[in-house]
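Structure first, then comments.
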Amino acid sequence: MEKLDFELVGNSAIAPAMAHYMKDKFEFIGIKSVERKAQSRDLLNRSTHCSPTTIKAWINELYARKYREYQYVAIDLAIKNIQKWHFTDIMVFKQLVTQKSWWDSVDPWRTFFGKYVKRHLDEKEKVFELFYQSQNFWERRVAINLQLMEKETLDTNMLTHAILYDQKTDEFFIQKAIGWSLRQYSKYNPDWVSQFLKAHELSKLAVKEGSKYLS
């Protein structure tokens with residue numbers, strides 16, 4: 001297995017502000033997104049020639065590192081190699097959602113799982129069930145927003161179940177996710193979203209977000 005030889009070069013002057021933006025939950029090396037992607041480009045390109053076993057080992061190693069930016073690179077690696085993964089890998093990556101979890105890692109993981117189910121529509125329900133009704137609200141956020149970028153393939157029954165399970169949940173990130181999912185789908189199917197909002201009593205935040213693009 002090829003050894004991971006990768007280090008980011010950050011700017012200590014901006015690290016405290018980056019940490020503060022994330023409620024000081026994590027330490028940062030001090031490197032913004034554009035620069036991080038530039039520094040990790042060679043690693044990501046190299047990974048496409050590596051085995052899934054090697055890539056998973058790299059992801060785990062990066063996820064264990066202290067500085068937050070390495071978790072971002074780990075998720076980038078998973079997304080870069082989306083075509084290599086199978087459902088057994090998805091179950092492994094699911095475990096990382098609740099490690100060092102905050103919106104800045106959970107939402108990129110949601111992107112990863114969303115890209116996977118778009119490639120494997122026959123496995124969407126299995127992936128959804130990994131997160132639906134979880135005791136961890138970050139995992140339920142993934143369930144709500146799993147189909148975020150889908151249009152004609154979006155399963156409205158699945159979306160309905162995910163939203164209604166957390167209809168009364170008093171958690172900002174859950175209610176924001178409900179509104180986000182409805183807002184995004186309203187771009188493609190405004191009638192369905194409008195009827196859904198009329199039929200169900202949702203939080204003010206969810207309604208505000210979900211109805212943003214409705215006339």
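Data overview
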item	result
Hits in the stretch 66-86 - residues which are of a type in the set (Gly, Ala, Ser) and either touching a residue at least 24 places away in the same chain (Cβ under 8 Å) or not in a helix (DSSP H, G or I) (or both)	Ala78
Filter result for Thr169 (farther than 30 Å from Asn81 by Cα and part of a helix (DSSP H, G or I))	no
Which numbered condition Lys3 misses (of (1) open to solvent by 80 Å² or more (accessible area, probe 1.4 Å); (2) of a type in the set (D, E, K, R); (3) within 27 Å of Ile174 (Cβ to Cβ))	(3)
Evaluation of Met149 against (1) open to solvent by 10 Å² or more (accessible area, probe 1.4 Å); (2) modelled with pLDDT of 95 or more (one fails), failing number	(2)
Close pairs (8 angstrom Cβ cut-off, 6 or more residues apart or separate chains): touching a residue at least 24 places away in the same chain (Cβ under 8 Å) and open to solvent by 10 Å² or more (accessible area, probe 1.4 Å) in the stretch 52-63, assigned to a helix (DSSP H, G or I) and among the charged types (D, E, K, R) anywhere	Pro52/Lys84; Pro52/Asp89; Lys56/Asp89
Some residue of the stretch 1-13 being out of contact with any Ser or Thr (no Cβ under 9 Å at 6 or more places or on another chain), part of a helix (DSSP H, G or I) and at pLDDT 95 or above	no
Selection status of Glu129, acidic (Asp, Glu) and within 21 Å of Ser101 (Cβ to Cβ)	yes
Test set (1) touching a residue at least 60 places away in the same chain (Cβ under 8 Å); (2) under 27 Å from Tyr185 (Cβ atoms) - Lys100 fails condition number	(2)
Residues of the stretch 25-46 that turn out to be part of a loop (DSSP other than H, G, I, E, B) and open to solvent by less than 100 Å² (accessible area, probe 1.4 Å), as a count	5
Candidates Lys204, Lys187, Lys118, filtered to the one that is open to solvent by 50 Å² or more (accessible area, probe 1.4 Å), of a type in the set (D, E, K, R) and closer than 20 Å to Ile82 by Cα	Lys118
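The values are calculated or read from the model by the stated rules, or taken from the named source; none is laboratory data. On a predicted model such as this, the values are computed, not experimentally measured, just so you know. Positions of Cβ are backbone-derived with ideal geometry, glycine not excepted, and every protein chain shown enters the neighbour counts. Note: areas computed on protein heavy atoms with side chains; ligands, DNA, RNA excluded. Shrake-Rupley method; radii C 1.70, N 1.55, O 1.52, S 1.80 Å.
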